[in-house]
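Asker: I'd like to ask you about the structure that follows.
What follows is calculated from the coordinates using simple rules that are stated; it is not laboratory data. Please read these numbers as outputs of a predicted model, since none were measured by experiment. Glycine also receives a Cβ, built like all others from the backbone with ideal geometry; neighbour counts cover every protein chain displayed.
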Amino acid sequence: MPAILEARDLVKRYPVGSSSVEALRGVSLTVEQGEFVAIMGTSGSGKSTMLHLLGGLDRPTSGEVVIDGVEISRLDDESATLTRRAKTGFVFQFFNLIPLLNVAENVALPFLIAGGSQAEHRARVDELLELVGLSGKAGNRPDQLSAGEQQRVALARALATGPAILMADEPTGNLDYTTGTEILDLLWDSCDRLGQTIVLVTHAAHAAAYADRVLVVQDGAILDEIKLGRRRDHEARPLIARLAALGL
Amino acid sequence: MRLGDIAWRGLAARPLRTALTVIGVALGVAVLSATLITSQAATEAVRRAAQELYGDADLRVRAFDADGFTPRSITALRQVPGVLNAAAVSEKRGVVSTTPSEDDRTFSLLLLGVDAEDEARMRPHELATGEFLDPALPHGVLVNAGWARQNGFGIGDELILLGHRQGVPNVRIVGLLEDAGFGALASGSVMVLNRDFLAEAFEASAETPVPVRYVDLQVAADRTDDVQAAIDAGLTEPFVVETVADAEAQLDRAQAGFAGLAFLFSMVALAVGAFLVANTLGMTVAERTREIGLLRAAGTTSRQVLGIFLRQGGAIAVLGSLAGVLAGVALAVLLIAFLRSTRAVLVTGVPFHPGAVALALLLGGLVTLAAAALPAIAASRVSPLDALRPSRQPGRTLRERLPWLAALVGGALLVGMAAYPLDRGRGSLAGVLLGAGILLGGTLLVAALLQPLAAVVGRPFALFFGAEGLLGRANLGRDRVRTALTVGALTIGLAAVVALSAVSASARATADRWVESILPGGHGVRLGVAADIAFMRPEIESITGARLATAIVESPAVIVEGDTAREAWLAGIDPTAFQDEGALIFVEGRRAAAFEALRGGGAVLVPEPMAAREGLAPGDTLRVGLPGAEPVELEIAGVVAYSLPSRVTDGALLVSLADARDAFGLTEAELWAVAPQPDVPISAFRDALEETARRNGGQSVTAAELADQLGRSLGRLIGLFDVLALLAVLIGGLGVVNTLAMGVAERAREIAILRSHGMTVRQVQAMVVTEAAIIGAVGGLAAIGIGLLVAWTTVTLSGPREFAAGLAVPWVVLAAVVLLGIGVASAAGIYPARAAARTSMTDNLRHFE
């Protein structure tokens, strides 16, 4: 499969007073089209920093990120934004829906940002709402939805433009286990059925177990790569055993 | 560190918000103190002007008859026991010209004839330079120093009195009067000269001496009543006795409009400042709910929390009020200089009264503290549990805050009433209070109805600006109370601009309608002196291009009812000319029948204000006479909207020229209405008119010029208040900065999400500016409704003479106000927009484990 995302020797340093802290130390990775990759690590390991760089939300101190053939790390803010708009989708821990827009409007937001109208993309919005199981709630306001439903809307929004890659940063971190599992099922389903490439950042083994491949991050570097393969059962025990072997 | 220090640190931690709030309060207090000082300057100027005009005189005996007092009457007044000094003043409007030269110019002046020695004893005439009049130099004159400077005259320069008899020498300027006393009359277009010289100069040519209008009397102590009784018993000619207090009251009434507007704008500034403080501190409380909860959890009592926020309010009050008073003094200097230059309102120099400064400080401080009270109380009610909750507690609803805001504004109004003298003139208190009530009440109503308004007004923005417009509109519904207060603060200043413009336009429309209706043909000439109609007619009719020339005679008159007579003014017109030219607007009585009745004789047309006040209608009769003469019974043939201007406020009673001649003996006219031929170039006609006027010591007039003059002086005064209203808009703009900056800070994560989904920096900025623009548009549109309501109330409540043309809607200004609202708010949105654009995605999208 062709690589949809490539990172080469990513370094990220943050200035702290007169010195600096190295959050990422020369990370390189490749994600293939249609692949589900999890980035796992403890708090402060650098996994979120890595996701921000891979998604073009931040720029590396050195190294490069190529998304679907575009070297986003070299682009200015305007061009990086347009690339992000076209090629990536994001789901975060806090669903961050716009409270004053209804469900359909929230899902259509990426189209609106791109200058389109909701009417032009009604069919796509309906399709996405059906995908996430919220067909009957298009007119609801976010505060009328449960936490799990809100995250489903956020997922539909991230998938709206058919991004080359979907970045999910702890998407179940604010949900109970059952609801979180429903979201992970949806993510896996979109990958398996629709061929959506997904990069998932998580600290939870049961979430990472949905991935085809798990990158274990520690101290700003990839400590290990665990290949789980595409599995329907999402059984976490093999992964936990491997992590235990790594001393995590 | 002590607990109270948290208050100061809280202010220091948000320097922009604190600074903007202090500036907002300072601007409000500045407007308040500037209007206080200016109002005081006007009050002092009135007192001073009355004293300067009267000097040492205790009584002014004013002739009621147009012919003034005879020399015999003046002597009789001098000889009344108890009179220490008597100064007679003759008065006439005249035209002077420069001595023959290439630069030949003419000026219309008020000519005052005085007896130099009596006058010097009666009034201390302040001279900028030169000498007072000297009987030994009969043709020496005094003119206003400012007028002289403006026209390039100085001591020793000579001028020619136009229309004087042959052989009278040119007058020579011997002294320049300060802008006070006689020097301030007729807006400084005044010349004081020896009375005998003035009488001699015109006696032969005008066939009537320059009349002595009044005689000022200095009376021995405690003899005023005796003197007045002696005058009543001894003087045979009609007269009126006035005192300094009468003059003060008259001058004061003339300034009532200014006092009322000054009061209104102080209230506007105070209210907007109060809105700003309430909103800003409310934001701070909302933002610090968790922190306050932690303090409460650590054992801080609610009273201590209240103290922290009241300290913050107090600090803003002190800083804002001090800065505001300083700025207010500077603003007052500008206002007073402006008013002096326009002569729209009588003002002295900048008065310094510690009391006024203290009052401004006190009012500013009290209103700011009162505005800070509700947020402080809200802060004191924060529960320790609030610190533990993940999301901020919802703020108070607008419904909860409205009564408090209404009470705050009402309180400010009461305090303002205590500070301002509002007992000037008819209806000024009720009118101003009603205007202020509508302005503030309407603004609170807009705040309450903000959401539906924003939904409608924001729709075009959403359609035009796409996602930015949609989100900008949606953001307005996020913190409704905060947005409502922000829109309210902006609305109030904009509404004041609308109200002022509509009132100004209405007054202008009335002036236009008035002048056009009373000057048939649209042009006229006012001669230097009244002249026999039959004698002058050939000359006026021979004016090049004149199609029609009709004389208008004018005279003081009385209306007699039983044993009493009241002052009136009579004008004789040619009914046929007025009818054919479409002059006069009838509000009662049929036009054709009324003119026919005038032609038939024994009929009169009554101005509407008089008819409305006295319940007069066509068919009623009036007994009208000249002072001292037998009255004539006249039947009212119609009521006209406007009549010729007169010394009485209602306007003139109109009779036919034939009746004026036969029943009242009036055969001389100063004013002629002249209509041009359609095929003659208007410039040639105007030149000919001008030449005839000059030859007869008079001036040409046109309806447009007269209307323009009437409108311009009002326009200048309105322009001044427009500046104050714009300051209130500026304060409202500061509120927009605060509100949006707070909104952006609260929405940092949401903005980061939008950025992550591909919203560019420019789009983020556009979203915030659009949000601001919608606030401005709502404020502007609401201001149109409120402002027009205020103007309509003003127009409706005012006398029929002031706004007889009804409410004129200044459409261009209305559009400009909406654009101004959008512009000010959008400009205010730039800083928050830039802050929003700097929102870090990575900082705000981090997850918690």
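Asker: Assuming R0 = 35 Å, what is the FRET efficiency of B:S542 and B:D232, from their Cβ-Cβ distance, to the nearest 0.05? Intermediate values should be presented prior to the final figure.
Answerer: Working: r = 50 Å, r/R0 = 1.43.
Step by step, r from the Cβ atoms, then E = 0.10.
Asker: As a check on your grasp of the helix formula, calculate [θ] at 222 nm for the protein assembly as shown: sum -39500 (n - 2.57) over DSSP H runs of n ≥ 4, divide by the residue count, round to the nearest 500. Write down the numbers at each step before the final one.
Answerer: Working: 35 runs with 579 residues, N = 1097.
Calculated from helices alone, the mean residue ellipticity at 222 nm is -17500 deg cm²/dmol.
Asker: For segment B:575-584, in order, what is each residue's ³J(HN,Hα) by Karplus, 6.51 cos²θ - 1.76 cosθ + 1.60 with θ = phi - 60°, in whole Hz (x at glycine and Pro)?
Answerer: Listing the rounded values in order: x, 5, 4, 5, 5, 5, 8, x, 7, 6 Hz.
Asker: Continuing with this model, one more query. Could you work out the equivalent-ellipsoid semi-axes for chain B, taking the square root of 5 times each eigenvalue of the Cα gyration tensor, largest first, in whole Å? Mind showing how you got there, number by number?
Answerer: Details: eigenvalues 786, 189, 120 Å².
Gyration-tensor ellipsoid for chain B: 63, 31, 25 Å.
Asker: For the residue pair A:D224 and B:R762, what label-to-label distance in nm results when each label sits 7 Å from Cα along the Cα-to-beta-carbon direction?
Answerer: Placing both labels 7 Å along Cα→Cβ, they lie 5.0 nm apart.
Asker: Tally Lys/Arg at +1 and Asp/Glu at -1 over every other residue whose Cβ is under 13 Å from the Cβ of B:D118; what's the total?
Answerer: -2
Asker: Here's something else I'd like to know. Could you give me D for segment B:441-552, from Stokes-Einstein at 20 °C and 1.002 mPa s, where the hydrodynamic radius is the Kirkwood radius over C-alpha pairs? Units µm² s⁻¹, please. Working shown, then result.
Answerer: On the way: Rh = 19.6 Å.
Value of D from the Cα-based Kirkwood radius: 109 µm²/s.
Asker: How much length is gained on full extension from B:R566 to B:L334, taking 0.36 nm per residue of separation minus their Cα-Cα distance? Write out the running numbers ahead of the final one.
Answerer: On the way: separation 232, 0.36 × 232 = 83.52 nm, distance 4.33 nm.
Extra length from B:R566 to B:L334 when fully extended: 79.2 nm.
Asker: Now, a different point. From the phi of every residue in segment A:19-33, what ³J(HN,Hα) in whole Hz does the Karplus formula 6.51 cos²θ - 1.76 cosθ + 1.60 yield, where θ is phi - 60° and glycine or proline is x?
Answerer: 10, 8, 10, 8, 7, 10, 10, x, 8, 10, 7, 9, 10, 8, 4
Asker: Report the full-extension gain for the segment B:D196 to B:S101: residue separation times 0.36 nm, less the Cα-Cα distance, to one decimal in nm. Could the numbers behind the result be given before it?
Answerer: Values: separation 95, 0.36 × 95 = 34.20 nm, distance 2.87 nm.
So the chain would gain 31.3 nm between B:D196 and B:S101.
Asker: Rounded to the nearest Å, what's the spacing between the alpha carbon centres of segment B:272-338 and segment A:24-101? Just the number, please.
Answerer: Distance between centres, Cα-based: 44 Å.
Asker: Treating the Cα atoms of segment A:1-110 as identical point scatterers in vacuum, please give the log10 of the normalised Debye intensity I(q)/I(0) at q = 0.15 Å⁻¹, two decimals.
Answerer: -0.75
Asker: Would you mind checking the radius of gyration and Dmax of segment B:718-849 based on alpha-carbon positions, in Å?
Answerer: 20.4, 77
Asker: For A:I98, what residues show an amide H to amide H distance below 5 Å, using hydrogens built from the backbone and excluding near sequence neighbours?
Answerer: Close amide H contacts, sequence-distant or interchain: none at all.
Asker: Same structure again: Going by Cα centres, segment B:742-775 and segment B:351-382 are how many Å apart?
Answerer: Value for the Cα centre distance between the two parts: 35 Å.
Asker: With both bridge residues required to lie in the protein assembly as shown, what share of the DSSP beta bridges run antiparallel, to the nearest 5%?
Answerer: Working: 94 of 132 bridges.
Counting DSSP beta bridges with both partners in the protein assembly as shown, the antiparallel share is about 70 percent.
Asker: Now for a separate question. When N is the residue count of segment A:135-248, what does its C-alpha Rg come to as a fraction of 2.2 N^0.38 Å? Write down the numbers at each step before the final one.
Answerer: Numbers: Rg = 15.2 Å, N = 114, 2.2 N^0.38 = 13.3 Å.
The value comes to 1.14.
Asker: If amide H atoms are built 1.01 Å from N in the plane of the peptide, which residues on other chains or at least 5 residues away come under 5 Å of the amide H of B:D115?
Answerer: Result for B:D115 returns B:A88, B:R195.
Asker: Can you give the mean number of other chain Cβ atoms that lie within 10 Å of the Cβ atoms in peptide B:756-768?
Answerer: On the way: counts 16, 17, 18, 8, 9, 3, 3, 4, 1, 0, 0, 1, 0.
For this peptide, the per-residue mean of nearby foreign Cβ atoms is 6.
Asker: Could you tally the net charge around A:F111, taking each other residue with its Cβ under 11 Å from the Cβ of A:F111, Lys/Arg +1 and Asp/Glu -1?
Answerer: Numbers: positive: A:R85, A:R122, A:R124, A:R157; negative: A:E105, A:E120.
Net of charged neighbours comes to +2.
Asker: Using alpha carbons only, how many degrees (0 to 90, rounded to 10) separate the axis of helix B:195-206 from the longest principal axis of chain B?
Answerer: Roughly 70 degrees between the two axes.
Asker: Where the centre of each part is set by its Cα atoms, how far does segment B:569-586 sit from segment A:183-242, in angstrom?
Answerer: The two parts, judged by their Cα centres, are 99 Å apart.
Asker: Now a separate question. Please work out the FRET efficiency for the pair A:R237 and B:L362, using the Cβ-Cβ distance as r and a Förster radius of 56 Å; give the result to the nearest 0.05.
Answerer: On the way: r = 77 Å, r/R0 = 1.37.
The formula returns an efficiency of 0.15 here.
Asker: If you don't mind, another one. Subtracting the Cα-Cα distance from 0.36 nm times the residue separation, let me have the gained length for A:V16 to A:E120 in nm, one decimal. Kindly include the intermediate steps, with their values, before the conclusion.
Answerer: Numbers: separation 104, 0.36 × 104 = 37.44 nm, distance 4.75 nm.
This chain segment gains 32.7 nm when fully extended.
Asker: Long-range amide H contacts for A:G26: which residues qualify at under 5 Å (H placed 1.01 Å from N, peptide plane, sequence gap of 5 or more or a different chain)?
Answerer: Those lying under 5 Å, H to H, from A:G26 are A:L10, A:V11, A:K12.
Asker: Let me test this: with uniform point scatterers at the alpha carbons of segment B:42-109, what is the Debye-based log₁₀ I(q)/I(0) at q = 0.21 1/Å?
Answerer: -0.97
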